[in-house]
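Step one of this worksheet: look at the structure below.
Just so you know, all these numbers are worked out from the coordinates, no wet-lab data involved. Note that the coordinates shown come from a computational prediction; the quantities given were computed from them, not determined experimentally. Ideal geometry is used to build each Cβ from the backbone, glycine not excepted, and the neighbour counts take in all protein chains shown.
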Amino acid sequence: LRRNGQHFFVNASTESSKRRIRPEEIEWDQESIQEGAPIMSYDEVMSSDINLCKWMSLIHQYGVAVLKGTPIEKKFILDMANKIAYVKETSYGKSFDVVVEPRPDSHLAFSARELDHHTDMNYRENSPGLQMLHCLKNDNNVSNPGGRTFFVDGLHVVNWLKKNHPAAFYTLCAIEVKFELTTDAFTYSQAVPIICLDKNGKFSEIHVNNRTMGPIQAPKETIIPFYSAYNILMQKIRDPGLQYSLSLQPGDLVAFNNRRVLHGRSAFNSNEIS
């Protein structure tokens, strides 16, 4: 019994370890991700569980993956999310519709203005992990090339910062920043470092959003080092050579890891929307 018991535990541990193995994360910049773009067709992904798993692996490896040719239906994004995970409701509901409404009091996402590189909802206790964007309509005139969705690999940026500017890296890991949002009903507030590491000292999250980030509340001798480090980080994030830029068309769906990948949108002329 003792030998059999030991044998059982060894086998159980080995099998469990095999199931937990994930593909290695792949750092990328504009050139490398365009060479091996993480894109699959909806029909291919839905043809088998193996292909669905392959698409999910792309999300894990690159932090972003595209699905082409999906049903152009408003509820599809929730169906697809439930296919691979579950939907976590926020103050915006289960989904959030982005429609051009160029009014002074409208959400910035509804305007034609540029959305700078950011991660979402850093003011929540846990910022969202997997997010999806599903294009239902795009009437942008071909002569108006704006309105492109772009992504930047936070893992790549953070590793670059650690290698080239270690003092800046550790400053952004150590000093907490308050992110805050006030609605008609609630105020959401969370203090968190720009760069978060796991218990093994490896990158786990990045938090960047110039619309919800407040001034740091820290000893005065840390203020200049913090903003110097933050400036270095943001200059790198805005490097055009790091952007994976897409002009989303109806039926395109993008899934991305909001805790790793920053996203944004280029400006466009709303008067040229047909």
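Brief remarks follow.
- Ellipsoid semi-axes in whole angstrom, largest first, where each is sqrt(5λ) of the Cα gyration tensor of the range 177-274: 29, 19, 16
- FRET E, pair Asp79, Tyr170, Förster distance 35 Å, beta-carbon r, rounded to 0.05: 0.20
- Those residues of the range 116-130 whose amide nitrogen sits under 17 Å from the label point placed on Ser189, 7 Å along Cα→Cβ: 122-126
- J(HN,Hα) series, the range 228-238, from Karplus relation 6.51 cos²θ - 1.76 cosθ + 1.60, nearest Hz, glycine and proline x: 5, 5, 5, 5, 4, 4, 5, 4, 5, 4, 8
- Percentage relative contact order, the range 153-274, counting C-alpha pairs under 8 Å, at least six apart: 29 percent
- If R0 is 35 Å, the Cβ-Cβ spacing of Ile21 and Gln235 corresponds to a FRET efficiency of close to 0.45.
- With a cut-off of 10 Å between beta carbons, the residues surrounding Thr119 carry a summed charge of 0, where Lys and Arg count +1 and Asp and Glu -1.
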